[in-house]
1. Carbon and sulfur together cover what percent of the accessible area of region C:1-63 at a 1.4 Å probe radius?
2. Full extension from B:ARG500 to B:ASP376: what is 0.36 nm times the residue separation minus their Cα-Cα distance, to one decimal in nm?
3. Which longest run of chain B has no exposed loop site in it, a site being GluC sites (Glu not before Pro) in a DSSP loop with at most 16 other beta carbons within 10 Å, and the site itself not part of the run?
4. For the protein assembly as shown, what are Rg and Dmax over the alpha carbons, in angstrom?
5. Please give the helix B:70-83 orientation as an angle from the longest Cα principal axis of chain B, in degrees from 0 to 90, rounded to the nearest 10.
6. Once phi is turned into ³J(HN,Hα) by the Karplus curve 6.51 cos²θ - 1.76 cosθ + 1.60 with θ = phi - 60°, what whole-Hz value does each residue of region B:61-68 show in order, with x for glycine and proline?
7. Based solely on its DSSP helices, what 222 nm [θ] is calculated for chain B when runs of n ≥ 4 H residues each add -39,500 (n - 2.57) and the sum is averaged over all residues, nearest 500 deg cm²/dmol?
8. Cα-based count: Lys pairs in region B:553-603 below 27 Å, eight or more positions apart or different chains?
Amino acid sequence: MNYAYYPGCSTQGASTDYEKSTRAVCAALGMNLVELPEWNCCGSTPAHAVDTELSAALCVRNLDIAARQESETLLTPCPSCLSNLKHAAKRMQNPEARARVNELLDNPAASEFPAVTSVMQGMAAHLDAKEIASRTRKSLSALTFAPYYGCLMSRPAEIMKFGDPENPTLMESLLTACSATVLDFPLKTACCGASYGIPERSMTARLSARILQLATDMKVDAIVVACPLCQMNLDLRQPQAEKAADTRFAMPVLYFTQALGLAFGFSPDTLGLEKLRVSADSLLRKLGTGAANAAGSR
Amino acid sequence: MRIGVFICHCGSNIAGTVDCTKVAEIAKKFPDVVYTAEPMYTCAEPGQTAMEDAIHEYRLDGVVVASCSPRMHEATFRRTVERAGLNRYMFEMANIREHVSWIGKEKDANTNKAAELVEIAVAKLRNNRPLTAKTFDVTKKVLIAGGGVAGIQSALDCADGGVPVILVERESTIGGKMAKLDKTFPTVDCSACILGPKMVDVAQHPNITLHAYSEIEDVSGYVGNFSVKIRKLATYVDWEKCTGCGVCSEKCPSKKTPDAFNEFTGTTTAVSISFPQAIPKKAVINARHCRQLTKGKCGVCAKFCPTGAIDYAMQDSIVTEEVGCIIAATGYDLMDWTVYREYGGGAYPDVITSLQYERLLSSSGPTGGHLIRPSDGGEPQNVVFVQCVGSRDKSIGRPQCSAFCCMYTAKQAVLTKEHLPESQSYVFYMDIRAPGKMYDEFTRRAMEEYGVEYIRGRVSAIYPDGLGQYVVMGSDTLLGEPVEIKADLVVLAVGIEAARGTRALAEKLRISYDKSGFFMESHVKLKPVETNTAGVFLAGVCQGAKDIPASVAQGSAAAAKVMALFARDKLENNPQIAFVDLRRCVGCGKCIRCCPFGAIKEKDIRGETKAQVIETVCQGCGLCTSTCPQGAAQLSHATDNQILAEVNALCR
Amino acid sequence: MPVMEGKELRIVGFLCNWCSYGSADTAGVARAWQPTDLRIIRVPCSGRVDPLFIVKSLLNGADGVLVAGCHPRDCHYSAGNFYARRRLEVLKRFLPVLGINDARFEYTWISASEGQRWQQMVTSFTNRIHALGPAPRFENATPLPKVVGMALPPSSRPLGTGKNAPLDDLKQGIKEKLPDLECVIGWQRGYDGVHTAPLFMKIPEDVEKLVWGPFNVANPAVYLPKFKGKKVGIVVKGCDSRSVVELLQEHLVAREDVTIFALPCQGTLDMSRVKEKLGRYTVVDNVVCDETEVIITVDGKKHRLPMNDFAQVKCRLCTKPMAVFADTPLGESPEVEIATHVPPELALLDAMNLDERMAYWSGQITRCLRCYACRNACPMCVCRDYCVSDSRDPRWMTQEADVTQKLFFQAIHALHLAGRCTGCGECQRACPVGIPILALRQQIARTVEELFDDYRAGFDPAAVPPLLSYEVEEKSIREREWK
């Protein structure tokens, strides 16, 4: 089945591993991702912080491309892109706002856009847990994960429509389908510090440290995330968090697509695992899927 | 008719901006007006005497007073004309103060308006008819719905006053929420010790009939003559025979039965007496957990009961009581706090409600008063209290304050320290509301003598830290920064709501309830005990959040209202009620459908169906009058002809 | 007393005793200055305000009327204001069809503590009325001289003469039930072949007189309430059956007492147009019904009347050719195309502005004879001898034969029928001078449909009539929080 696909900027740089693993896993599930031609940045945090209409216009341009593709669903892996696209679509329901946004665009936008949803929801809608389980080649039963959605994926509830905004459980259902042990992680929707990593590094370090500390105390093998920025804060900035907490975490932080990819038998290379700042080797050893015996995998 | 018109000067209140003399002159020309006067103060004694004299001297049979609002002095002047021998309804008022002299700047316009208001009043008066109240007998018995502390107080006061009381309680014991409390603020004395004797008095009082484990099925009738059907729920134990010895409970094999009295902090047996001081001290079988009733085999309690009281075949039964008044004292329940997903939504065993905490503190509770964490039985070191969970929170649609949480939280913090001297308590609060006698002193003592740390701010999240404790995240708005506290136990001061079933009862009693389900009093300030349905009174939290002393006071107040009403052998109805002209009535029943009080019934008169007003139930709204197309239903003192006369005086 | 010339206008306020009258007192105590035009009439509850008081005021010279009651949920009598809200909203949407500007009437909710709000309301309402100026009066309006003809709407189904209806089966059915019934109401040949008269069948021979066809214009349900408490049968067209349903709903007849006989109706004739076509005649020689037309020979002259051109307008708009329900239904109901065409009487008024409507009614109603044929033909006019139009107590009307009294009677009839009128059109048909009074009932029926979930009278005997019930939150009534 074909899906319109909006990768977002992060996947082109900081999170190429998310992109690689997303594409690999989607392919394994029989989801054909059709990348939007000539897509542009959604505007990320800066655009909507400065000018909501400009932010909407940036997103609407992408939505408009998707509408012309005649896809029913537009998937995006990044919660921030998802949030911006969904907010823009919502804003366009107001005729006055629509008129102002249309002024910023070369051509007036289509009157209706395809539904925008996360890759995660797309997977769950595409196949049920039983079918996902049937595609696993490598059981993850040796692994214990802390699922971490970040603050954006489920909020605001009425726009994101991601289930209980305080306690989403979609990632759990995907990972348990691959036999992993997934703990009830109380901070699953807490904030990691997000883009404050740049203007106020100590705050991000403190907030990320709390998440890492709880995961460590809960003795998980890895935190599993769905957001490029969360991943960066928890993984790349883990030393900063360690410094703030005056401790050492050594906590691998995987994208859920990477975890699923391991279950589907993809090699660490295919999934971009080498890009993780905190090595996932401990996981691979537990799985018996060391880089050395990757030969047996896809 | 011979009508006298009195244009009151009200000192300069009216005369300052209305030419009263001119109004009087104009009024003289109105039909049937034979006398006008301009008293300085009509309501003062000389003014009233002059009016009485004028009625006699000029043989007046109707009086118009143009003065202040009828809401102010209508009752006064009605008494005046009555003293002079007129029917009190042969009197009308024109409001030329609040509606004219105080709000209009121009004297000309004011004078003209005042004269017109007098004209309207005269026009209406010419259509007035003398009305007399009817009397009817009173059943001098009261039914009290709810056996919490407010209902108990009402029951005892009424019973002591010689009024037979029917006390109906839904649970198997009276005592209500207060019976579950360990201690009470601000004196920290034992709740059971002060409530217990009152409960025993209820049981022993010759004037009180107690229906426990019973619900109100239906209410009909009207003030002085209510008929109440009471559903006595099946207890499966013959209470005539049960001695409360407790053998059944000791022997019952079904020991995992959830214990509602202990707020589900522990378990009990399927047949049990809810607590040692229960009144009545009788056993009840929980049908959902009884092996005999669910699986059909067991019968242990029946075997061991020394008096043979167990009756597995028992059914609900209905009893009917005739009473003259009803007091609703149905209390409250805690709101469903699990909507707070950020506090775990009920998933964390050590995040509990304040009422559960009371049971943990109580020596008659499941732990025998030993303060432990529900999850592992350990003694908590850090106890965090969170106030306003479900109170003053618009985001979940509960803007109201629950009124007593600030105080019991302080009490619970104090008790925590007394139970576990090494412990540390924290209280997250929005504002401390301690306006009662000795209340603020008490919260100060909690802080100053018991070292309770008060943090002004709300809690944003509670989560387990993975090491056996909970992280309570909140903000300290006084410091202006976020705080995090590691807690062993979190106690939520959960907001209250009207007890379950309140709305259904309100419909049966035909009284109003507010958005939160609390019963509406007749006037928020001046009639806090009455309802708009005559003969139905309110006591306790069912009317709005209040603490024990206020509930007890209102319980006594409701009893006083009942006894005042019963002090008369006959009641008079308000004659300003509807009546049906039987000749005009075609029996279409439109009035019956609309009447908000069910005050109109169908009656068969010589083979024809007609509408008939139940005079004691009608409250005089006149909805039937504006509904009846043929004008058969008419509201006395606001008939179509009376209002048409007013309209015609203005528009022609 | 007359209003102060050039200074004040006549504004009448109906205020409930408990909340709004209190708010006016509160405003007074606070010395909150207000315009002096408004005169307050104190009533116990806004639910006591019969909309007719307002119509009466407006017809008799009020320039504005304001009704105020307790806020919804705060009614001293629990629900009076909920009923008031529905009735006053219906009134507000009714006034314009008479040619009265609905801005001259307003209703609102004010609690006793809201003195300031009362001051604002009085001030803004008075300012509004002054901006509108003195209300035009019907007696001063120049009657609209000529009314253009009304265009016929397309028919919802093929019209015919009912020639092939199973009349004999019906007669047989009636005869079978007749022994158990006091009588069965139907139609018989009238004084000539182009008129029918009511038939009350008591013995089998009577049944033979029963006729079925395009001349059965009258609604037999009008006779039904007279038989209350007796076993009675009635033969109905689809439209007549809706009146029966209403009578059942109002308990004016009991279901177990009524036996309903029904045939599918193919339409009945608009007798005024038949009369026009036939002209003055002395003898009806012959009446023959073809499938789709009636051929009438009078004084030796043959007239062809195709049903498509001569059926009543209500038949063209009919959605219910067959009875809503019947004890002995015979024949199939034809397919009906449900289209919502505004009836032509109402469409005519819709196209006019307020002044034109006032002129129109002024011209039309002048011709009224106060004969009350409209009332007597109405199956829902169940007050019978106790109609408020000729009662002293209550005395809603005087006996003066002026425009306002005549129009007021029509308003009484229309408002008393609110939510009850099935649109059978008998009132208008019965009018000897041909005043198109049905439009007033149609406007109210349209309003009731708009406000209350497409409610239409006469379909469900168990339905709660919308003006005898309420919702705490009304879906279609905008709370008038005007400033």
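1. Heavy-atom surface of region C:1-63 belonging to carbon and sulfur, 1.4 Å probe: 60 percent.
2. My answer for the length gained is 41.4 nm.
3. By the stated rule (loop sites, at most 16 other Cβ atoms within 10 Å), B:450-652.
4. Answer for the protein assembly as shown, Rg first and Dmax second: 40.0, 123 Å.
5. That helix lies at roughly 60 degrees to the long axis.
6. Values, residue by residue: 10, x, 10, 10, 10, 9, 7, 8 Hz.
7. -8000 deg cm²/dmol, from helical runs alone.
8. 5
The values are calculated or read from the model by the stated rules, or taken from the named source; none is laboratory data. Please read these numbers as outputs of a predicted model, since none were measured by experiment. All Cβ positions, glycine included, derive from the backbone under ideal geometry; neighbour counts span all protein chains shown. We work out accessible area using only protein heavy atoms, side chains counted, and drop any ligands, DNA or RNA first. Shrake-Rupley method; radii C 1.70, N 1.55, O 1.52, S 1.80 Å.
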